[in-house]
Amino acid sequence: MSRARADEEEYWHSSKFRAFTFDDEDDELSQLKESKRAVNSLRDIVDDDDDDDLERVSWSGEPVGSISWSIKETASSSTSSLEGRDSSLQKGSSSYAAFPKQVSSYSLSSLFKGEVPHIQYGQMALSDTGVKNYAPELRRPKAEYKDYSSDWSPKDTVRRMQRGKVCSLERFRSLQDKLVLLDEAVAGHDGNVITAVLIFLKRTLRREILFRELEVRQVALCHLIHFLKETGEQKFLLDLLRLCFFSLSLQLSQYREHLNIQDVEKRREFLKGCIGLPFSAEDTSHIQDHYTLLERQIIIEANDRHLETAGQSEIFRKYPRKASILNMPLVTTLFYSCFYHYTEAEGTFSSPTNLKKTFKIPDKQYVLTALAARAKLRAWDDVDALFTTKNWLGYTKKKAPIGFHRVVEILQRNNAPVQVLQEYVRLVEDVETRLNLATKYKCHDVAIETYRDLKDRIQLTAYKCKVERGSADEEKINSILNNLVRN
């Protein structure tokens, strides 16, 4: 019996928490320390800072977080908090009230969620003001999410950004959607929107993909370069400049090599290979036109050299060619075609209308070039036909996309007769310009008729001094002045 008693005493004295005995002289102090240690163990569970050196235990002595501890804690929430209260113990003349066993109404999950209980001992509540407060995040009103939740198209998104609305760009995930968004921003001509979209692409795309796409989008590229300069991102800026401009410089250097090729056929083949270089869409179109033009020039040159050598064409006999058409600019080629092949059908490569259609030459440029070529040949009928249009009723009238005042100047440089000049001076709509041209190029009929329509006797009298005495123009002025006096 004494042996069992000794073993029991040894067990209690060797456990982690000391058992209550009447022999302890400072049992009240030891219980207070034990209470404080338990509270600290709960606080350590809530705190983010874990201390692996300390073993955390509950009031029952089991590690906090164990399965048995969690079950007991959950089950104890349905029992009374006063159940298991120890009876009062006395020692000598003083009575000591044992601390009641606290029953927790919180589970393990509630502790990890940050719900920290107040541990009560009798009427005293112990709370740690240092425990972190894990308050749930309050949701924003739904009205604040209306700009984020809507499925806006790239075009609508850009429009809303231009109006200062907050739009989420995160939903544009595919590369195609991001590029469409960038193109819409560039088309909107709003620098702030373009920069915002570029920041989004810079954050969500790999550098090599972003750089590759910006090579063919020069406006966006310039915006990004300016943005990187403002923000001081030197490394990113240097990588961008090194890749884009080095690549562009390399392509241009390769394209310029055609200037060193003397053989026309080899140059044509070289230009054909340059079409595949990664230029922008606009530059690629120019290279394609360059190749097509040289191909046309080779065909025209071979045919015209044969006609000139054989003497089979009157125009080549009358106006021998001064130089080859090979490697000439487009406008020079058009002038050559209007000079030597003006009447040819559109189906031939040397036809002016074929060149106009193939290379999409604007009407103004075509009319100016054709007028200069036909005026040089003094083909006034062709000049007249160039400006004559017919409406749906069959009536004809003259119309010039370049303005008749420019037509008069070109005709005068090519020594057009006064009768031809007067016809086009009359078509100038502005009265002051018409009078200036008529006076400058001595188109007396136009000047006299204009002053007559204005009923300006003073100017008619002054203009009378500019015509020859006894001429038909002087008689015409006198007749008009007499009629004005009678009226």
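Annotations for the structure displayed:
- Any hit, segment 328-347, residues being in the same structural domain as residue 271 (by the TED database), assigned to a loop (DSSP other than H, G, I, E, B) and touching a His at 6+ places or on another chain (Cβ under 9 Å): no
Table: residues versus (1) in a helix (DSSP H, G or I); (2) out of contact with any helix residue (DSSP H, G or I) (no Cβ under 9 Å at 6 or more places or on another chain).
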{"residue": "167", "(1), (2)": "no, no"}
{"residue": "176", "(1), (2)": "yes, yes"}
{"residue": "180", "(1), (2)": "yes, no"}
{"residue": "194", "(1), (2)": "yes, no"}
{"residue": "212", "(1), (2)": "yes, no"}
{"residue": "226", "(1), (2)": "yes, no"}
{"residue": "240", "(1), (2)": "yes, no"}
{"residue": "255", "(1), (2)": "yes, no"}
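The rows are residues; the columns are (1) among the hydroxyl-bearing types (Ser, Thr, Tyr); (2) on the phi > 0 side of the Ramachandran plot; (3) within 45 Å of the chain's Cα centre (by Cα).
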{"site": "352", "(1), (2), (3)": "no, no, yes"}
{"site": "384", "(1), (2), (3)": "no, no, no"}
{"site": "388", "(1), (2), (3)": "yes, no, no"}
{"site": "399", "(1), (2), (3)": "no, no, yes"}
{"site": "436", "(1), (2), (3)": "no, no, no"}
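- Residues in segment 418-436 that are closer than 18 Å to residue 380 by Cβ and in a helix (DSSP H, G or I) were compared, and the one that is most open to solvent (accessible area, probe 1.4 Å) is 419.
- The test for being open to solvent by less than 40 Å² (accessible area, probe 1.4 Å) and at pLDDT below 90 does not hold for residue 141.
- Which listed residue, of 238, 250, is modelled with pLDDT under 80, under 30 Å from residue 290 (Cα atoms) and open to solvent by 70 Å² or more (accessible area, probe 1.4 Å): 250
- Selection within segment 267-285 - open to solvent by 60 Å² or more (accessible area, probe 1.4 Å) and part of a loop (DSSP other than H, G, I, E, B): 276, 278
The values are calculated or read from the model by the stated rules, or taken from the named source; none is laboratory data. Since the structure is predicted, the reported quantities are computational estimates derived from the model, not experimental observations. As a convention, Cβ positions derive from the backbone with ideal geometry for all residues, glycine included, and neighbour counts pool all protein chains shown. For accessibility, only protein heavy atoms count, side chains too; no ligands or nucleic acids. Shrake-Rupley method; radii C 1.70, N 1.55, O 1.52, S 1.80 Å.
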